[in-house]
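The values are calculated or read from the model by the stated rules, or taken from the named source; none is laboratory data. All figures in this text were calculated on a predicted structure; none of them were measured in a lab. Using ideal geometry, Cβ is built from the backbone for each residue, glycine included, and neighbour counts are taken over all protein chains shown. In case anyone asks, the SASA skips ligands and DNA or RNA and just uses the protein heavy atoms, side chains included. Shrake-Rupley method; radii C 1.70, N 1.55, O 1.52, S 1.80 Å.
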Amino acid sequence: MYSKKELLQGLATQVIGNKIFVFETIDSTNACARTLGDADTPEGAVVITDYQTNGRGRQGRSWLAEPESSILFSVLLRPPVQLEMAGLLTLFASTAVARAVEQSVSISVECKWPNDLLIRDKKFCGILLENSLQQSGLAYAIIGTGINVNQQSFPDEIGDRATSLALETGKTHDRKKLFHAVVREMDKLYGDVRTGDFSSIVTEWTRRCSMFGRSIRVQQHDRTIEGTAVRLNFDAGLVISTSDGLQTIYAGDVTMTS
Ligand code: BTN
């Protein structure tokens, strides 16, 4: 079980983690962070838990993790970015997690559009960005992060696609230390987010992504798109070259087909 005192001790960040709300069990840290956002809580607040009863994933899916196996947390941010640029926040969070894991666990991490982090082609981390809008644009953003740390196995349905840091390294890992490393990397990169300069983040994210130039299939709710992944658009959309020309998409599950 996380202790609030331990989580705050030695964190020493400027914005992210200025307040930490710790729960043994909660429905969803994203849902809780939204409540904080609606209550005008200043940016930087973090909600972290050992277990979620209703963890949310992308595309309406659930995010399941057994108690005390993972790092499950959400950050409330109020970045002065245009609403249409908000997708870049997923790249910001992915880059911070990738840096922290590579440094702390000494393993190479791959970024997969739009929000996954992989080790040896298997997913160990997902990011769920939820935005709240107001008339003038973005009121706040919630960045929810789920990192599989010490799981020793996964249900059969996802066993061939999911992994944990323990499975990949053969060791268990200290969740508090890794959480600190992730929050520190987020805090370092947040300066660029605040000034609206995502160029280094995009470059670093792209360096960890092996999809560009390859054939892909994207499954969306109502359609499948096939083509070649060309590049990221200025707003983190994925530009695909298809038989109908260039298309930019903002959601979907990507499979590499070559
Ligand atoms: C995905 O890959 O589908 C995104 C998964 C995001 C899961 C995290 S766990 C902490 C936070 N709270 C939630 O309810 N979801 C995110």
Q. Is it true that some residue in segment 78-90 is within 16 Å of the ligand (Cβ to nearest atom) and either part of a helix (DSSP H, G or I) or not assigned by TED's automatic domain parsing to the domain that holds Q14 (or both)?
A. yes
Q: State all residues of segment 10-48 that are farther than 20 Å from W63 by Cβ, within 17 Å of the chain's Cα centre (by Cα) and of a type in the set (A, V, I, L, M); if no residue qualifies, say none.
A: I16, A45
Q.
List the strands (runs of 3 or more DSSP E) inside segment 92-202, counting only whole elements, that have at least 2 residues being within 16 Å of the ligand (Cβ to nearest atom) and of a type in the set (V, I, T).
A. 137-148
Q) How many of the residues in segment 51-77 are over 16 Å from L129 (Cα atoms), part of a strand (DSSP E or B) and open to solvent by 50 Å² or more (accessible area, probe 1.4 Å)? A) 1
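How many residues, within segment 20-50, are part of a helix (DSSP H, G or I), charged (D, E, K, R) and open to solvent by less than 10 Å² (accessible area, probe 1.4 Å)? So that I can check it myself, show each step before the final result.
Filtering segment 20-50 down to residues part of a helix (DSSP H, G or I) leaves 29-38.
If we keep only those that are charged (D, E, K, R) as well, we get 34, 38.
Next, only the ones that are open to solvent by less than 10 Å² (accessible area, probe 1.4 Å) stay: none.
Of the residues in that region, 0 qualify.
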Q: For R214, indicate whether it is under 30 Å from K188 (Cβ atoms) and open to solvent by 70 Å² or more (accessible area, probe 1.4 Å).
A: no
